[in-house]
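Q: Have a look at the structure that comes next, please.
No value in this document is a laboratory result; all are computed from the given coordinates. In this text, all values refer to a predicted model and were calculated from it rather than measured experimentally. As a convention, Cβ positions derive from the backbone with ideal geometry for all residues, glycine included, and neighbour counts pool all protein chains shown.
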Amino acid sequence: MPIKQLQEEIIKLKQEQDVVILAHYYQPIEIQEIADFIGGSLKLSRTAKENVNTEYIIFAGVDFMAETASIINPEKHVLIPNYEACCPMAAFLTPEMVKEFKKEHPGLPVVVYVNSTAAVKAESDICCTSANAVKIVKNISQEFNVEAVLFGPDANLADYAEQISNIKTIKMPDKGHCYVHSQITADDIKTVKEKYSKAELLVHPECIRDVRELADYVGSTTHMYNYVKERSPEINEFIIGTEVGLLERMAQDFPKKNFYLAKDKLICYQMKKHNLELIEYLLKNLDDKAFEVKVPPEIAKRAINPIEKMLDFS
Ligand code: SF4
């Protein structure tokens, strides 16, 4: 079926039922186009908590996002179009590792990036996203009256939070990373800047420090989007150092501006595992339990506190 026709069919099915579709900025553009809410992790978590009144939520994002939505909405049915959409960063940190780090560093708070399993979140004091990591590190260190925090699993985001907050972040582990963002090198940036010398460079905090230091702006997907939106009309060229989906979103929303990817093929293949056909299937089979995301109650009960604390702090 042609994409437009399938999108129309999806919109019709959605309107006839008690369901919303949330989509991350890294989703294929044709999915973003049929979503009710589009955003980064923090915005979508907040939306799932505050703006969703439907019985069903279809979450077009990776596993941890759908799990988070399910934890904060235990009474709703959260469905993921393709349960193979798993963020590989989460595998860098297990609950056993967190327990070991806590034993080695008694008294330090544990900050866990939302890109982690629910079982890891359950071991933490507070969660964070790339949009609020600096603020969370500052606030939790003040609450515990300490000059250092345990932070995982992304070592680059931990490094960024440490750089800006001046609070030491002990990385859990020191090699945790996102394969999409960490592949961008300073040489890539020099090459793309030579090509587009008038463009401003915006990068995600999951990039390595050498790359972040060459940027005009470092921020989460939502922050980058807002930066472009609020930038004066004379500035109309941007090099984007994050997944291509955000560039596609901004190219649609700001047609007078030009966007270039910091490097070819900045694609999160896990985010791209969803497609319109799978969403159409779900809309016709909302009660298919195979696609429902459920976190074991004993883990959900412990993971909800650090998630809610994050939402309260940010
Ligand atoms: S972009 Fe990186 S951190 Fe985000 S879902 Fe993909 S692999 Fe995970």
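Q: Report, in deg cm²/dmol and to the nearest 500, the calculated mean residue ellipticity at 222 nm for the chain, where each DSSP H run with n ≥ 4 adds -39500 (n - 2.57) and the sum is divided by the residue count.
A: Theoretical 222 nm ellipticity from helices: -12500 deg cm²/dmol.
Q: If neighbour count is taken as other Cβ atoms inside 10 Å, put Arg46, Arg212 in order from fewest to most.
A: The order, fewest Cβ neighbours first, is Arg46, Arg212.
Q: Can you pull out the GluC sites (Glu not before Pro) in segment 166-267 whose DSSP state is coil and whose Cβ has at most 10 other Cβ atoms within 10 Å?
A: Glu234
Q: Follow-up question, since we're still on this one. In nm, to one decimal, how far is the modelled label at Phe37 from the one at Tyr260, with both set 7 Å along Cα→Cβ?
A: Result for the modelled spin labels: 3.6 nm.
Q: Restricting to the chain, what percent of DSSP beta bridges are antiparallel, rounded to 5?
A: For the chain, the DSSP antiparallel bridge percentage is about 5.
Q: So, one more: Pairs of Cα atoms under 8 Å, at least six residues apart: use those to get the relative contact order of segment 186-261, whole percent.
A: Dividing the mean separation by the residue count of segment 186-261 yields 29 percent.
Q: Also: Search the structure for amide H atoms under 5 Å from the amide H of Leu79, placed 1.01 Å from N in the peptide plane, and list their residues when 5 or more places away or on another chain.
A: Ile57, Ile58, Phe59, Val293
Q: For the chain, what is the relative contact order in percent, using Cα pairs closer than 8 Å and at least 6 residues apart in sequence?
A: 22 percent
Q: Here's a follow-up. Under a plain spin-label model, where a point goes 7 Å from the Cα along Cα-to-Cβ, how far apart in nm are Val146 and Glu9?
A: For Val146 paired with Glu9, the spin-label model returns 5.4 nm.
Q: Based on other C-beta atoms within 10 Å, arrange Phe313, Phe259, Phe151 from fewest to most.
A: Listed from fewest to most nearby Cβ atoms, that is Phe313, Phe259, Phe151.
Q: Can you tell me which of Pro88, Pro205, Pro255 moves the most in a GNM of the chain? Springs connect C-alpha atoms under 10 Å apart.
A: Most flexible of the set in this elastic network: Pro255.
Q: Also, quick follow-up: Could you put Ile299, Ile11, Ile126 in order, starting from the residue whose Cβ has the fewest other Cβ atoms within 10 Å?
A: Lowest to highest Cβ neighbour count: Ile11, Ile299, Ile126.
Q: Also: Considering every Cα-Cα pair within segment 186-261, what fraction, in whole percent, is farther apart than 21 Å?
A: Tail fraction, whole percent: 17.
Q: Could I ask something else about it? Could you give P(r) for the chain, binned at 20 Å from zero, as whole percent values over all Cα-Cα pairs?
A: Each 20 Å bin holds this share of Cα pairs: 33, 57, 9.
Q: Follow-up. From the backbone phi of segment 168-177, what are the Karplus-calculated ³J(HN,Hα) couplings (6.51 cos²θ - 1.76 cosθ + 1.60, θ = phi - 60°) in whole Hz, Gly and Pro given as x?
A: Running phi through 6.51 cos²θ - 1.76 cosθ + 1.60 with θ = phi - 60° gives 5, 10, 8, 6, 10, x, 7, 10, x, 7 Hz.
Q: What are the residues whose amide H is under 5 Å from the amide H of Glu200, where those residues sit 5 or more places off or on another chain and H is modelled from the backbone?
A: Glu237, Phe238, Ile239
Q: Can you give the local net charge around Leu278? Use residues other than it whose beta-carbon is closer than 15 angstrom to its beta-carbon, Lys and Arg +1, Asp and Glu -1.
A: With Lys, Arg at +1 and Asp, Glu at -1, the net is -4.
Q: Using the basic label-point model (7 angstrom from Cα toward the beta carbon), what is the Lys175 to Leu311 distance in nanometres?
A: Modelled inter-label distance: 3.6 nm.
Q: A follow-up question, please. For segment 21-126, with equal point scatterers placed on the C-alpha atoms only and solvent neglected, what are the log10 I(q)/I(0) values from the Debye formula at q = 0.09 1/Å, to two decimals?
A: -0.26
Q: Please give the residues of segment 153-187, grouped as numeric ranges, whose backbone N is less than 17 Å from a label point set 7 Å along the Cα-to-Cβ vector of Glu96.
A: Taking a point 7 Å out along Cα→Cβ of Glu96, the residues of segment 153-187 whose backbone N falls under 17 Å are 173.
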